[in-house]
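Asker: Sending over a structure as structure tokens; questions will come in a sec.
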Amino acid sequence: MQIIIVGCGNVGATLTEQLSKEGHNITVIDVDGRRVEAVANQYDVMGVVGNGASFSVQNEAGIEEADLMIAVTTSDELNMLSCLIARKAGGCSTIARVRNPIYNKEISFIKEELGLSMVINPEYAAACEIARLLKFPSAIKVDTFAKGRVELLKCKINEGSVLHGRPLTYLSAGLHCEVLICTVQRGDEVFIPDGNFVLQEKDVISVVASSRKANDFFKKIGMATNRIRTCMIIGGGETTYYLAKQLLSMGIGIKIIEQSKERCNELSELLPQAMVICGDGTERNLLQEEGLPKVHSFVSWTSMDEENIMLSLYAKSISNAKTITKVHRIDYDKIIDSLDLGSVLYPKNITADYILQYVRAMQNSIGSNVETLYQLIEGKVEALEFRVNEQSRLVGVPLKELQLKDNLLIACINRKGVVITPGGQDSIQMGDTVVVVTTNQGFNDLKDILR
């Protein structure tokens, strides 16, 4: 596809990298010539310097031939205007990043009136991901499928775990758990395991299950399933606002520490049930006074990666809190992983995943389409949910008879709200959604799983 990306910041660069890898023709636009040159050279794409909302600049970028315009600058208004002009000039699909909470209440109206195909709010998306993580304290990462009925949970096998030295068949035969381990990360190696695969302590595994069955699994292997009742958040930005609203509705007590007095006043008005503390969240004495040693969860969400990492390490050293750390730069991901920070979230990757999911769905055939997509383990693995819309050679055939590609697992089938952990005798039916986990890249249609 011909894709134009307006904005060469973190999200724009990440999208350019991922979409160019998938074989799309990309043109980037930004007012900063140095940024355009850096992104264009690094990913071998076309670059245009100028205002993305300018008709002449869009013409230069080839808007008349474009299939999709993605506007991800730091300005909501510029993103929406760029998309509106692209719709009028080229008739292409459009995606806008819109972050302001004022617009968040009017997303449906904005989408309809501006003809936007998709609106992504990175702060709200990040807040939803954090809320999911706090639902499962033992998980490092949580993704959802089947409209929230199915969880994909990433966790680390503890030293001395009952799973150490056991084959995957032990889950059903020994633990009587209806869960599926779909990926295992051991050092730098990634496996899509079969039933005979033997687990080891320190393996990082991805588990597919319903919420109830996932909790049952965590209990049986001795991992924490206690409900989180308190959360301390450092930083009072938009993500904190969205997160606090969700957590308060879940009955979780919230304490926010923010330096700006003006922002503290705003948050106090917006979130009357939360406790808002005006102070420096990096001050050890303040954290101690506000009860850090006793909190159940701790979210370090300032604008500084170094502060967030330091705060999470400190929280882990003096408490048993579930820690969630915001990191912008992915250059040092291997070092960050070695620090054992708990859950680390990269906001730009959350945004890019949502957009990539939409791009895949645009490419699908009529038979089935990508409903949900997540990139796992630094992009080495993809988990995709397909909806089966019509009869195909996959429908009605027992899974054991399908000629599936290597390094691929059908993780679950959702049939009218009933989640099936599939065995060889099960088959895919019309109307199902099917979750596939694979190290193969670029699937657009369910039939791509066949050899």
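The values are calculated or read from the model by the stated rules, or taken from the named source; none is laboratory data. Predicted, not measured: the structure shown is a model, and the values here were computed from it. Every residue, glycine as well, gets a Cβ built from its backbone with ideal geometry; the counts of neighbours run over all protein chains shown. Just so you know, the surface numbers come from the protein's heavy atoms only, side chains and all, with ligands and any DNA or RNA stripped out. Shrake-Rupley method; radii C 1.70, N 1.55, O 1.52, S 1.80 Å.
Asker: For the stretch 158-270, take N as its residue count and report Rg(C-alpha) divided by 2.2 N^0.38 Å.
Answerer: Cα Rg divided by the expected 2.2 N^0.38 Å: 1.49.
Asker: Enter the Cα centre distance for the pair the stretch 412-451 and the stretch 49-97, rounded to the nearest angstrom.
Answerer: Using only Cα atoms to place each centre, the spacing works out to 36 Å.
Asker: In the chain, what percentage of the DSSP-assigned beta bridges are antiparallel, given to the nearest 5?
Answerer: Percentage antiparallel, nearest 5: 50.
Asker: Could you size up the charge dipole of the chain around its Cα centre, putting +1 on the beta carbon of Lys and Arg and -1 on that of Asp and Glu, and report it in debye to the nearest 20? Before the final figure, lay out the partial values.
Answerer: Working: 47 positive and 55 negative charges, 333 e Å.
That gives the chain a dipole magnitude of about 1600 debye.
Asker: Using a 1.4 angstrom probe on the protein heavy atoms only, could you order H176, H24, H164 from most to least accessible area? Don't skip to the end; give the middle numbers.
Answerer: Numbers: H176 130, H24 15, H164 90 Å².
Listed by decreasing accessible area, they come as H176, H164, H24.
Asker: I would also like to ask the following. In the chain, which cysteines lack any other cysteine Cβ under 4.7 Å from their own?
Answerer: C8, C83, C92, C128, C155, C177, C182, C231, C412
Asker: Now, a different point. Please report the spacing between the Cα centers of the stretch 223-291 and the stretch 160-219 in Å, no decimals.
Answerer: 34 Å
Asker: Just how much of I120 is accessible, in Å², when a 1.4 Å probe is used and the result is rounded to the nearest 10?
Answerer: 10 Å²
Asker: Also, quick follow-up: Averaged over all directions, how much area does the convex hull of the C-alpha atoms of the stretch 128-179 cover when projected, in nm²?
Answerer: 4.3 nm²
Asker: Let me ask something additional. Would you list which aspartates and glutamates come within 13 Å of K21, measuring only between C-alpha atoms, while excluding same-chain residues fewer than 8 positions from it?
Answerer: List returned: D44.
Asker: What does DSSP give for the stretch 335-451 in terms of the percent of beta bridges that are antiparallel, rounded to the nearest 5?
Answerer: 95 percent
Asker: Roughly speaking, what % of Cα-Cα pairs in the stretch 1-150 are separated by over 19 Å, rounded to a whole number?
Answerer: That tail contains 55 percent of the Cα-Cα pairs.
Asker: Can I ask one more? For P(r) over Cα pairs in 10 Å bins from 0, in percent, which listed value, (1) 4, 19, 28, 27, 17, 4, 0; (2) 4, 18, 24, 20, 13, 8, 6, 4, 2, 1, 0, 0; (3) 4, 21, 32, 28, 12, 2, 0, comes from the coordinates shown?
Answerer: Read-out taken from this structure: (1).
Asker: Which is farthest toward the positive dipole end of the stretch 173-291 among I192, L271, V208, measuring Cα position about the Cα centre, with Cβ charges +1 (Lys, Arg) and -1 (Asp, Glu)?
Answerer: The listed residue farthest towards the positive side: V208.
Asker: K135: accessible area at probe 1.4 Å, nearest 10 Å²?
Answerer: Accessible surface of K135 is approximately 100 Å².
Asker: Please report Rg over Rh for the stretch 266-323, where both radii come from the alpha carbon positions and Rh follows the Kirkwood definition.
Answerer: 0.97
Asker: Let me ask you something else. For the cross-link pairs K141/K322; K135/K348; K147/K213; K154/K219; K255/K348; K380/K400, which exceed 19 Å when the distance is taken from alpha carbon to alpha carbon? The partial results should precede the final answer.
Answerer: Values: K141/K322 12 Å; K135/K348 23 Å; K147/K213 17 Å; K154/K219 15 Å; K255/K348 26 Å; K380/K400 26 Å.
The pairs that break the limit, which is 19 Å between Cα atoms, are K135/K348; K255/K348; K380/K400.
Asker: Follow-up question, since we're still on this one. Among P293, S303, V327, whose Cα projects farthest towards the positive end of the dipole of the stretch 292-339, with charges put on the beta-carbon of Lys, Arg (+1) and Asp, Glu (-1)?
Answerer: Selected residue: P293.
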